[in-house]
Amino acid sequence: MDKLRRVLGGNDSPDEESGIMSQLNETTTLSWSTRLKAFLFCFILGILLSFLGSFALFLSRGLSVFAVFYTLGNILSMASTCFLMGPFNQIKKMFASTRAIATILVIASFVLTLIAALVLHNAILALVFIIIQSLAMTWYSLSYIPYARDAVKKTFVACIG
């Protein structure tokens, strides 16, 4: 819109304030509706991959296929939020001090699940890493809800003690 305004106003050269980075940002920035559509597409596709992996349990070597589909679905669902807040902002928030450990656990469980399923072909180990992955993803997700981790900790301590 600004370019159109400059051209229509007779000033088709960019302002002195707009440097190369702002011009690059202007050309690569997606509209909010495009970001939302891409987020929903990736998120739903991630959920579908995780869900379709459940059907693989009934096939031969099904647990390994399930581990791969489940992990790829979680990765895609997690990456979908990059469309909402941008990849750099997403990475910065993922490794903020409040959720750095949870992020590392999630990424490590992704890698270990795939190694157990694809390299080691060990279904039981893959299942253990899937459980760890689910717990790590839950803990990571709770870090975005204010006081949710504290509530879960208190509930767990109350149930145990």
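Nothing in this text is a laboratory measurement; each read-out follows from the coordinates by a stated rule. Note that the structure is a prediction, hence the values are computed from the model and not measured. With ideal geometry, Cβ positions are generated from the backbone for all residues, glycine too; neighbour counts draw on all protein chains shown.
Tabulated results
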| item | result |
| --- | --- |
| Shape category assigned to the stretch 115-161 from the gyration tensor of Cα positions, a/c cut at 1.5 | oblate |
| Segments 100-109, 47-56 sorted - mean Cβ within 10 Å per residue, highest first | 100-109, 47-56 |
| Kirkwood Rh (inverse of mean 1/r, distinct Cα pairs), the stretch 41-152, angstrom | 14.5 |
| Furthest towards positive pole of dipole, 104, 75, 55, structure part the stretch 21-161, Cβ charges | 104 |
